[in-house]
Amino acid sequence: MDFFQGACDVHCHLLPGVDDGFATAEKSLQALKKLEEHGVEKMILTPHFMKDYPLNNRASIMAEFEAFRSEVADSCKIELRLAGEYMLDANFMTHFEQGFLTLDKDGKHVLCETSYLMYEQGVTEMLYDVMCAELQPVIAHPERYEYAKKDNYYRWKDKSYEFQLNLLSLAGTYGQGAVAKSHYLLKNGFYDYIGSDMHGLSNFERFLPELRLSTKEIDQLYRLKENNKRLFD
Ligand SMILES: [Fe+2]
């Protein structure tokens, strides 16, 4: 698939050993090599910042990233950058105070996620605070939230939140609900960026061949690919 040629991934869990993503640097390097073969040129690593990983904070993750980057520097040509994926939970405001690791160099775009099952109390207020600080919330994989209906998506867009699609949502990695929602949101131009949200290589290898897209959807994907590059540059 030549879609990956020159691509920049803005969401993945390749920083090893810090969350539910890749467990070892060796496995991460194996994935990086695979992605390099596909033509991927840049990746933003976005480890989880959430209650489940209380040890992850700005300083610790930055140190882990620098160690990983020097470890793989000689073996991998993909350019790596660090950001975070911030769960809108009880720890969110602490990470806010420490300073978010943002998707862009200008420090504006914050990748945020909610629980899959429910829109918890306080989420709207936290996102309001993010906007008030002149930061841009980017909602990670909105198609994956089971509670979310069309109303939610329109409301979030009205509030100027940006949306990031998980590519493999379209292929069934997260079930039929996410398939339907991702195709709807893609066709209707809701998305701003695209990411792999890769936690391991197996889903990538299993579901990528399952992707079935219309011409209109493919055009949309290329638009997102260009937007991704603007975040990285
Ligand atoms: Fe993620």
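Every number here is computed from the coordinates shown, using simple stated rules; none is lab data. It should be emphasised that the depicted structure is a prediction, and the values quoted were computed from it without experimental measurement. FYI the Cβ positions are ideal-geometry reconstructions off the backbone, even for glycines, and counts take in every protein chain you see.
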Subject >> Matching residues in the stretch 26-75 - criterion: being within 22 Å of Glu226 (Cα to Cα) and crowded, with 19+ Cβ neighbours inside 10 Å >> reply: Leu32, Leu35, Val40, Met43, Ile44, Leu45, Thr46
Subject >> Enumeration of residues in the stretch 76-92 that are under 22 Å from Ile194 (Cβ atoms) and surrounded by 16 or more Cβ atoms within 10 Å (Cβ to Cβ) >> reply: Cys76, Ile78, Leu80, Arg81, Leu82, Ala83, Gly84, Glu85, Tyr86, Met87, Leu88
Original post:
Hey, among the residues in the stretch 92-140 that are in a helix (DSSP H, G or I) and within 16 Å of the ligand (Cβ to nearest atom), which one's nearest to Asn152 (Cα to Cα)?
Top reply: Phe92
**OP:** Determine if the stretch 90-102 includes at least one residue that is touching a residue at least 24 places away in the same chain (Cβ under 8 Å) and over 24 Å from Pro142 (Cα atoms).
**Re:** yes
